[in-house]
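Student: Before we start, here is the structure in question, set down as structure tokens.
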Amino acid sequence: MTDQLPTSTDLLVVGAGPAGSAAAAWAARSGLNVVLADKETFPRDKACGDGLTPRAIAELDRLGLDGWLADYPTNRGLRACGFGQELQLPWPGGSLPDRGSAVPRTTLDHRIREEALASGARGVENARAVDVMRDGNRVIGVVFAGGKDRPSFTIGCRRLVVADGYRSQLGRVLGREWHQNTAFGVAARAYVKSGRSQDEWITSHLELRGAQNELLPGYGWVFPLGDGEVNIGVGALATEKRPADVHLKDLINVYAGLRRDDWELEGEPRGVRSAMLPMGGAVSGVAGANWALIGDAAGCVNPLNGEGIDYGLETGRLVAELFAAGAGTGIGTGRSYADLNKAWPATLREHYGASFSVARRLATLLTVPGVLKLGGPVGMRSHYLMTIALRVMGNLVLEEDKDYVARLWRGAGRLSQRLDDRAPFGELRY
């Protein structure tokens, strides 16, 4: 926390995770006066698998953090296990890097926030946003709760970015709604000592079993951190109609027990943290005249693997690009100017609408009893099919990719969008 609190700013960013810090860094670099506020004091922990896909690596490279990241483990791809098979699937590369990594969120988020501050943003910690001040349809300030050492206070702003995570308390104040008819995720992670923390592959077990050996619609993971420990976790898919009937803390202990010998685990899992994630843009109310939700707050989480760091970094950059073009000022015409309430959802759909639509449709299908039991063994018998699956499940496809897998994935996404009752980031269609 700074000694004297700022009273106003061009751009106020609430939430200093990867999404908020990326937005603050890019906006400050474009010349805006930026305040980056967070309810925690950094470094702080976050429930996450800590994995960085090639898509996230590309964004960290853009930010200029490639040199810093070189000090952390590099992984070659995914070791997929399940249904009697084990496959090593290298990252597909294409227009993205052919490497991944894993960095604890305590370290990663702190470093990206430091980059935002070094870029010119002003940091405010221990600041929990609870309300907004409005002038008509515009937000002109955010109210922060007081504490024992500080009374409540307000920071005025011309524009606002909300990056306060999957719960998005400030998003709810602004009218954000999470629609649970499509797949969402429930997940937990822990840390445990391992004799294989230098392994060159991240590992996912696609045949996730519960305490009674029942097959669950989800997966378990072990991500080597290179420091003597691994991040170990479990995630399950659910919908409003088919909720996930799992106790995550018990399940992570069951999973760790199954992995103990092959991963040379020592001791019990520690630091268990869990989360419930909106996925695939299954939220509406993501923008107003001069404000926008990004990252997890906007439901920018991959429905097929639970990945959100890459989308957080990307949406932070994309919203900053809109601001640099004048968006949210109420001045000018066209998509890049005036109000954000149309420009930001349109931008999100342009970049993620097709892939999120088809991904959440497939994820919802996996929650149907029997689908995973029948389809899992078929897929795991083919290295070729699973290589394609790794690419599309990780959404490792960019617009500049012109190969047949990329074209097929984009085509399936466009078809899926036409069938959606509710488009990603949008309202119901009547």
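The values are calculated or read from the model by the stated rules, or taken from the named source; none is laboratory data. These figures come from a predicted structure and were not determined experimentally. Methodologically, a virtual Cβ is constructed for each residue, glycine included, from the backbone with ideal geometry; neighbour enumeration extends over all protein chains shown. The area values use the complete protein model at the heavy-atom level, side chains included, leaving out ligands, DNA and RNA. Shrake-Rupley method; radii C 1.70, N 1.55, O 1.52, S 1.80 Å.
Student: Quick test for you: out of A47, A23, A56, pick the one residue that is of a type in the set (A, V, I, L, M, F, W, C) and more than 30 Å from A325 (Cα to Cα).
Tutor: After applying the criteria, what remains is A47.
Student: How many residues are in contact with a Leu (Cβ under 6 Å, 6 or more places away or on another chain) and assigned to a loop (DSSP other than H, G, I, E, B) if we restrict to the stretch 151-175?
Tutor: Of the residues in that region, 2 qualify.
Student: Determine, yes or no, whether G376 is at pLDDT 90 or above, part of a helix (DSSP H, G or I) and open to solvent by less than 20 Å² (accessible area, probe 1.4 Å).
Tutor: No; evaluated as a whole, the condition is false for this residue.
Student: Among the residues of the stretch 221-237, write down those that are among the hydrophobic types (A, V, I, L, M, F, W, C) and either open to solvent by 10 Å² or more (accessible area, probe 1.4 Å) or farther than 26 Å from P278 by Cα (or both).
Tutor: W221, F223, L225, L237
Student: Out of the stretch 380-416, which residues are of a type in the set (S, T, N, Q), open to solvent by less than 20 Å² (accessible area, probe 1.4 Å) and within 17 Å of G100 (Cα to Cα)?
Tutor: Once the filter is applied, which keeps residues that are of a type in the set (S, T, N, Q), open to solvent by less than 20 Å² (accessible area, probe 1.4 Å) and within 17 Å of G100 (Cα to Cα), the stretch 380-416 yields only N395.
Student: Could you please give the count of residues in the stretch 49-81 that are closer than 21 Å to R317 by Cα and in contact (Cβ under 8 Å) with a residue 12 or more places away in the chain?
Tutor: 18
Student: Of all residues being of a type in the set (D, E) and part of a helix (DSSP H, G or I) in the stretch 271-325, which is most open to solvent (accessible area, probe 1.4 Å)? Just the residue, please.
Tutor: E321
Student: Filter the stretch 294-313 for residues that are in contact with a helix residue (DSSP H, G or I) (Cβ under 6 Å, 6 or more places away or on another chain) and either at pLDDT 95 or above or among the charged types (D, E, K, R) (or both) and give the result.
Tutor: I294, G295, A297, C300, G308, I309, D310, G312, L313
Student: Quick check on my filter: what residues within the stretch 110-125 are in a loop (DSSP other than H, G, I, E, B) and either surrounded by 17 or more Cβ atoms within 10 Å (Cβ to Cβ) or among the aromatic types (F, W, Y) (or both)?
Tutor: Scanning the stretch 110-125 gives S119, A121.
Student: Let me ask something else about it. Spot the failing condition for I202; the list is (1) surrounded by fewer than 24 Cβ atoms within 10 Å (Cβ to Cβ); (2) over 17 Å from the mean Cα position of the chain (by Cα), and only one is missed.
Tutor: (1)
Student: Another question about this same structure. Given the conditions (1) out of contact with any Lys or Arg (no Cβ under 7 Å at 6 or more places or on another chain); (2) closer than 18 Å to A289 by Cβ; (3) of a type in the set (A, V, I, L, M), which single one is not true for I140?
Tutor: Exception for I140: condition (1).
Student: For the list (1) open to solvent by 60 Å² or more (accessible area, probe 1.4 Å); (2) over 24 Å from the mean Cα position of the chain (by Cα); (3) modelled with pLDDT of 95 or more, I need the number of the one condition that R128 fails.
Tutor: (2)
Student: If I filter the stretch 141-198 down to residues being of a type in the set (D, E) and surrounded by fewer than 19 Cβ atoms within 10 Å (Cβ to Cβ), which single residue comes out as nearest to V368 (Cα to Cα)?
Tutor: E177
Student: Right, next: Given the criteria open to solvent by less than 50 Å² (accessible area, probe 1.4 Å), of a type in the set (S, T, Y) and part of a helix (DSSP H, G or I), does T329 qualify?
Tutor: So T329 fails the test.
Student: Give the residues of the stretch 191-215 that are assigned to a loop (DSSP other than H, G, I, E, B), under 20 Å from R381 (Cα atoms) and of a type in the set (D, E, K, R), sorted by residue number.
Tutor: E207
Student: Do you know which residues across the stretch 140-168 are among the acidic types (D, E) and in contact (Cβ under 8 Å) with a residue 24 or more places away in the chain?
Tutor: Passing the criteria: only D164.
Student: Test R361 against the stated conditions and say whether it is open to solvent by 10 Å² or more (accessible area, probe 1.4 Å), in contact with a Leu (Cβ under 9 Å, 6 or more places away or on another chain) and at pLDDT below 95.
Tutor: yes
Student: Can you name every one of the helices (runs of 4 or more DSSP H) wholly within the stretch 1-109 that holds 2 or more residues which are open to solvent by 10 Å² or more (accessible area, probe 1.4 Å), farther than 23 Å from G165 by Cβ and in contact with a helix residue (DSSP H, G or I) (Cβ under 7 Å, 6 or more places away or on another chain)?
Tutor: Per the criteria, 66-69.
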